[in-house]
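> To start, I am sharing the structure in question, which I have written as structure tokens.
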Amino acid sequence: MRPGVQTWQAGVDDLPALVSLCLSARAESGAGSQLCSDDAARLHSQLEALVASPGGQLLVGSLDGQVSGLLLGRVVGPTPFTDQVALHVEAVYVDKGSRRRGVGHALIAGALEVAEEHGATDVYSAPLPGARGMQRFLARLGFAPAAAHRVVTTQSLQRRLANEGVRTTAERRASARGLEDLIARRRQVRSAMQATERADGGPSPVAGEPGLTVRDQSVRSSISMHVRRAVQSRLDSGSSTTIS
């Protein structure tokens, strides 16, 4: 650690300075609302909750006695799906006037100590899109891409799910109507064929199916094929176990 650089676990007395740092980070970032709230009182309450929560980590970095950086993280695990423990670094920020002086390295070193203390096997960090400086900084320290995060607002997700449900129901109804139409057409053709046979006194039969002409047999085969396809299509869509 360079001379004049110190790090420690944040306490209640550190929160006002950390709120100011968070607001500076928000003003500097093009991602604004993705970073933090712009309400100082709300930020203070959120940071206080992080400090008090199990696994919550809030590190302070100072340069020459002046608070100039912070690291927000959380120890995660074990979970029902894994026995491993990991440290998730949610944010690292150093103010402009204190950069390239070792504060960022000291904060990451402090995070490493936390990870080792809790038996964490991995340290994750998800810098905001467009934060190229932070991405380069983490890359130099060995952080590699692990997964891509996607985000959607709850309101947008509610609308999309509602639309998908309506569309799926409409498709099922349309499929059912199509099948019913095909069956009705088949019955109509059968009735017409029987009426014609009675009027003509019995047409020349097709081998293997008494009472059917070649043309009638062709019509029946065509309709039967459409009915089979409709039934198969309906069974495929209704019996699928794929979740999308």
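Values quoted throughout were computed directly from the atomic coordinates according to the rules given, and no laboratory measurement underlies them. Quantities reported herein were computed from a predicted structural model and do not represent experimental measurements. Cβ coordinates were reconstructed from backbone atoms using ideal geometry, including for glycine residues, and neighbour counts include every protein chain displayed.
> Rounded, prolate or oblate: which fits the range 1-149, taking a ≥ b ≥ c as square roots of the Cα gyration tensor eigenvalues, rounded meaning a/c under 1.5, else prolate when a/b beats b/c?
Rounded, since a/c falls under 1.5.
> Expressed in nm to one decimal, what extension gain is obtained for the pair Asp181 and Ser45 from 0.36 nm per residue of sequence separation less their Cα-Cα distance?
Details: separation 136, 0.36 × 136 = 48.96 nm, distance 6.34 nm.
Length gained between Asp181 and Ser45: 42.6 nm.
> If you stretched the chain out fully between Glu90 and Gln188, how much longer would it get, using 0.36 nm times the residue separation minus the C-alpha to C-alpha distance?
Stretched fully, the Glu90-Gln188 segment lengthens by 28.4 nm.
> Any idea what the alpha-carbon Rg over 2.2 N^0.38 Å comes to for the range 41-129?
Taking N as the residue count of the range 41-129, the ratio is 1.14.
> What ³J(HN,Hα) values, in whole Hz, does the Karplus curve 6.51 cos²θ - 1.76 cosθ + 1.60 give for the range 101-116 when θ = phi - 60°, with x put for Gly and Pro?
Here the 3J(HN,Hα) series is 10, x, 5, x, 4, 5, 5, 5, 5, x, 5, 5, 4, 4, 4, 5 Hz.
> Taking θ = phi - 60°, what integer Hz values does the Karplus form 6.51 cos²θ - 1.76 cosθ + 1.60 yield along the range 136-148, in sequence order, with x for Gly and Pro?
Those phi angles translate into 5, 4, 5, 4, 5, 8, x, 5, 10, x, 10, 6, 9 Hz.
> At 0.36 nm per residue, and after removing the present C-alpha to C-alpha distance, how many nm does the segment from Asp64 to Ala139 gain when stretched out fully?
Additional length available on full extension: 24.3 nm.
> Check which residues have an amide H placed less than 5 Å from Gly56's amide H, if you skip close sequence neighbours.
Answer set, sorted by chain and number: Val75.
> Sticking with this structure for a sec: List the residues, sorted by chain then number, that are 5 or more residues from Asp122 or on another chain and whose placed amide H is less than 5 Å from its amide H.
Result for Asp122 returns Leu87.
> Between Thr154 and Ser37, take the C-beta separation as r, use R0 = 25 Å, and let me know the FRET efficiency to the nearest 0.05.
For Thr154 and Ser37, the calculated efficiency is 0.90.
> While we're here: Translational diffusion coefficient, Stokes-Einstein: compute it for the range 32-89 using the Kirkwood radius over C-alpha pairs as Rh, at 37 °C and 0.692 mPa s, and state it as an integer in µm² s⁻¹.
The diffusion coefficient I find is 247 µm²/s.
> Using θ = phi - 60° and the Karplus form 6.51 cos²θ - 1.76 cosθ + 1.60, what ³J(HN,Hα) does each residue of the range 82-91 get, whole Hz, x for Gly and Pro?
7, 8, 7, 10, 9, 9, 9, 8, 8, 7
> Tell me which residues come under 5 Å, amide H to amide H, from Ser68 once H is placed; ignore anything under 5 positions away on its chain.
The list, which skips near neighbours in sequence, is Gly61, Ser62, Leu63.
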